[in-house]
Amino acid sequence: MRHLASTTRTTRARTCIRARSRCARPGQVASSLVRELTERFDQAGIVVEDAKLTHLAYAPEIAQVMLRRQQAEAIIAARSKIVHGAVSMVEMALTGLSERNIVNLDDERRAAMVSNLLVVLCADSETQPVINTGTLYP
């Protein structure tokens with residue numbers, strides 16, 4: 001069994017990892033398993049008619065790496081949605097302020113407002129309010 005696993009793994013492992021697909025074709029693996037078991041059991045007079053894998057597990061170090069990779073991809077996808085939503089919200093806020101003439105912002109103040117809103121909207125933890133006692137301009 002280890003021989004079968006090692007030959008299957010070494011011939012297609014890199015291709016499988018890059019393609020992120022299920023490379024093990026059940027029929028091909030089963031026929032290889034029957035062939036190898038037949039070679040080993042033939043001397044004892046045992047006939048192997050069928051063989052299938054019922055459980056397949058990765059080595060712990062491989063499983064851990066794969067889990068970390070899945071978690072990283074999930075975090076990236078979630079962050080991407082958060083940033084996209086935050087940018088949309090900032091855009092709506094700036095448009096609303098401009099259309100209603102609530103506040104006229106120059107480029108520097110607009111940039112500061114965008115930065116502050118994005119920090120608040122994208123932060124992992126709760127934000128702490130800061131009271132500005134001065135001005136942006138000296």
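Pairing each residue of segment 113-128 that is within 19 Å of ILE76 (Cα to Cα) with any residue that is surrounded by 13 or more Cβ atoms within 10 Å (Cβ to Cβ), provided the two are 6+ apart or on different chains, yields C-beta distances under 7 Å for LEU118/ALA86; LEU118/VAL90; LEU121/ALA86; LEU121/MET89; CYS122/ILE82; CYS122/VAL83; CYS122/ALA86. Each residue in segment 41-61 was checked for being free of Cβ contacts under 8 Å to residues at least 12 places away in the same chain and surrounded by 11 or more Cβ atoms within 10 Å (Cβ to Cβ), and 3 pass. For segment 62-80, state whether one or more residues are within 21 Å of VAL119 (Cα to Cα), surrounded by 11 or more Cβ atoms within 10 Å (Cβ to Cβ) and out of contact with any Leu (no Cβ under 8 Å at 6 or more places or on another chain). Taking every residue of segment 62-80 in turn, at least one turns out to be within 21 Å of VAL119 (Cα to Cα), surrounded by 11 or more Cβ atoms within 10 Å (Cβ to Cβ) and out of contact with any Leu (no Cβ under 8 Å at 6 or more places or on another chain).
Every residue, every condition in (1) assigned to a helix (DSSP H, G or I); (2) closer than 30 Å to LEU33 by Cβ, yes or no:
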position	(1), (2)
TYR58	no, yes
GLN64	yes, yes
ALA72	yes, no
ALA78	yes, no
ILE82	yes, no
ASN101	no, no
ARG110	yes, no
VAL120	yes, no
SER125	no, no
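Filter segment 91-133 down to the residues that are small (Gly, Ala, Ser) and at pLDDT 90 or above, then identify the one that is surrounded by the most Cβ atoms within 10 Å (Cβ to Cβ).
Of the residues in segment 91-133, the ones small (Gly, Ala, Ser) are 93, 96, 98, 111-112, 115, 123, 125.
Of the ones still in play, those that are also at pLDDT 90 or above are 93, 96, 111, 115.
Numbers: ALA93: 14, GLY96: 10, ALA111: 11, SER115: 11.
Ranking the qualifying residues of segment 91-133, first place goes to ALA93.
The values are calculated or read from the model by the stated rules, or taken from the named source; none is laboratory data. Everything numeric in this text was worked out from a predicted model, so none of it was measured. Positions of Cβ are backbone-derived with ideal geometry, glycine not excepted, and every protein chain shown enters the neighbour counts.
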